[in-house]
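Asks: Below you'll find the structure I mean.
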Amino acid sequence: GESVGLHLPTLSVQEGDNSIINCAYSNSASDYFIWYKQESGKGPQFIIDIRSNMDKRQGQRVTVLLNKTVKHLSLQIAATQPGDSAVYFCAENIGGGYQKVTFGIGTKLQVIP
Amino acid sequence: DGGITQSPKYLFRKEGQNVTLSCEQNLNHDAMYWYRQDPGQGLRLIYYSQIVNDFQKGDIAEGYSVSREKKESFPLTVTSAQKNPTAFYLCASSITAGVGQPQHFGDGTRLSIL
């Protein structure tokens with residue numbers, strides 16, 4: 001079936017550099033996307049979301065880009081800090097009465113001090 | 001301080017035993033969800049509830065049961081029929097079950113077999 005996936009399972013970034021985490025999705029009917037951050041032993045934490053009628057959305061130090069043409073989603077983290085070390089995963093929400101959400105496997109971000 | 005509280009944090013199950021995982025939210029959210037997280041896999045939906053006194057099976061409901069008698073509570077029972085229950089269980093809630101409402105998660109319960 002259609003699912004959300006990630007290009008890179010592990011990403012190592014120097015502290016202070018920018019991080020880019022990628023996500024490919026296959027369901028063209030998806031119209032809402034969410035990025036979550038999950039630290040070890042904890043539940044996922046909402047970071048940022050974007051609707052399909054947008055191609056960019058910015059938050060505090062984070063930017064999500066959506067390219068519907070190639071079904072690609074990315075999360076950019078500016079000035080990566082040690083506290084950003086975690087697993088990041090994207091989720092897609094297919095429209096309809098019930099919010100069917102499909103979650104990706106996740107990318108582990110390691111910040112090198 | 002609003003949020004989702006899952007308890008216990010760690011739980012051990014003996015063979016043939018049913019165990020119940022607690023999930024409480026004080027966010028006044030209508031919708032609640034239970035997911036299972038296994039290494040190397042995305043979250044998989046067990047059950048969801050769009051409103052109190054209503055719940056629906058998710059993708060992997062076999063061996064699990066839920067109830068939604070109160071808006072703030074959505075307990076999950078892992079029955080003895082679930083042959084591979086060892087996993088990290090996550091409860092989530094959202095304002096409604098409609099599109100565009102992000103789900104917010106508790107900090108999970110890790111279930112292991114004795």
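Asks: Considering only protein heavy atoms, what is the solvent-accessible area of B:T109 at a probe of 1.4 Å, reported in Å² to the nearest 10?
Replies: Around 0 Å² of this residue is reachable by solvent.
Asks: Give the Rg/Rh ratio for region B:26-67, taking Rg as the radius of gyration of the Cα atoms and Rh as the Kirkwood radius, to two decimals.
Replies: Checking Rg against Rh, the ratio lands at 1.02.
Asks: Now for a different question. Given a Förster radius of 35 Å and the C-beta distance between A:M54 and A:E15 as r, what FRET efficiency does 1/(1 + (r/R0)^6) yield to the nearest 0.05?
Replies: So the FRET efficiency works out to roughly 0.70.
Asks: Next up: Report the one residue of A:S12, A:N53, A:F103 whose Cα lies farthest in the direction of the positive end of the charge dipole of region A:4-112 (charges on C-beta: Lys and Arg +1, Asp and Glu -1; origin at the Cα centre).
Replies: Farthest towards the positive pole: A:N53.
Asks: If the cut-off is a Cα-Cα distance under 30 Å, which lysines reach A:K42, setting aside same-chain residues fewer than 8 apart in sequence?
Replies: Qualifying lysines at Cα under 30 Å: A:K56, A:K71, A:K100, A:K108, B:K9, B:K14, B:K57, B:K70, B:K71, B:K83.
Asks: Let me ask something else. At 1.4 Å probe size, with no ligands or nucleic acids counted, give the accessible surface of B:Y64 in Å², nearest ten.
Replies: Counting only protein heavy atoms, B:Y64 exposes about 10 Å² to solvent.
Asks: If you don't mind, another one. Restricting to Cα atoms and excluding each atom paired with itself, what does the Kirkwood estimate give for region A:4-112 in Å?
Replies: 13.9
Asks: If I model chain B as equal point scatterers sitting on the Cα atoms and use the Debye formula, what is log10 I(q)/I(0) at q = 0.09 Å⁻¹?
Replies: Values returned for q = 0.09 Å⁻¹ are -0.21.
Asks: Let me ask another. As a test of the definition: with a 1.4 Å probe, what buried accessible area, both sides summed, do you compute for A against B, in Å² to the nearest 100?
Replies: 1800
Asks: Right, here's the next one. Residue by residue through region A:42-48, what is 3J(HN,Hα) from phi via Karplus (6.51 cos²θ - 1.76 cosθ + 1.60, θ = phi - 60°)? Round to whole Hz and write x for glycine and proline.
Replies: Calculated HN-Hα couplings, in order: 10, x, x, 10, 4, 10, 7 Hz.
Asks: Right, next: To the nearest 20 debye, what is the magnitude of the charge dipole of the protein assembly as shown about its Cα centre, counting +1 on the Cβ of each Lys and Arg and -1 on the Cβ of each Asp and Glu?
Replies: 220
Asks: Right, another one. Taking all protein chains together and a probe of 1.4 Å, list B:M32, A:M54 from the most accessible to the least accessible.
Replies: Heavy-atom accessible area, descending, gives A:M54, B:M32.
Asks: Just how far, in whole angstrom, is region B:38-113 from region A:40-103 if you go by their alpha carbon centroids?
Replies: 22
Asks: What percent of all Cα-Cα pairs in the protein assembly as shown falls in each 5 Å bin, counting up from 0?
Replies: P(r) for the protein assembly as shown, in whole percents per bin: 1, 7, 15, 18, 19, 16, 12, 7, 3, 1, 0.
Asks: Leaving ligands, DNA and RNA out of it, rank A:I48, A:I105 by accessible area with a 1.4 Å probe, largest first. If you can, show how the numbers build up before the last one.
Replies: Details: A:I48 10, A:I105 100 Å².
Sorted descending by solvent-accessible area, the residues read A:I105, A:I48.
Asks: What residues qualify as long-range amide H neighbours of B:D107, i.e. H under 5 Å apart, gap of 5 or more or another chain, H built at 1.01 Å from N?
Replies: Under 5 Å from the amide H of B:D107: A:G43, B:Q6.
Asks: Could I ask something else about it? In Å², what does the accessible area per residue of the protein assembly as shown work out to with a 1.4 Å probe?
Replies: 47
Asks: Calculate the dipole size of chain B relative to its Cα centre from +1 charges on Lys and Arg beta carbons and -1 charges on Asp and Glu beta carbons; express the result in debye to the nearest 20. Display every interim value, and only then the final one.
Replies: Details: 11 positive and 11 negative charges, 65 e Å.
Here chain B has a charge dipole of around 320 debye.
Asks: Mind checking the dipole of chain A: about its Cα centre, +1 per Lys or Arg Cβ, -1 per Asp or Glu Cβ, Debye to the nearest 20?
Replies: Using only the charged Cβ atoms, the result is roughly 160 debye.
Asks: So what is the relative contact order for chain A, in percent, with contacts set as C-alpha pairs under 8 Å and at least six apart?
Replies: Relative contact order comes out at 37 percent.
Asks: Something else now. How much of B:D38 can a 1.4 Å solvent probe reach, expressed as accessible area in Å² and rounded to 10?
Replies: Here the accessible area works out near 20 Å².
The values are calculated or read from the model by the stated rules, or taken from the named source; none is laboratory data. Everything quoted here is computed from the prediction, not taken from an experiment. So basically every Cβ, Gly included, is an ideal-geometry build from the backbone, and we count neighbours across all protein chains shown. With ligands, DNA and RNA removed, areas are computed over all heavy atoms of the protein, side chains included. Shrake-Rupley method; radii C 1.70, N 1.55, O 1.52, S 1.80 Å.
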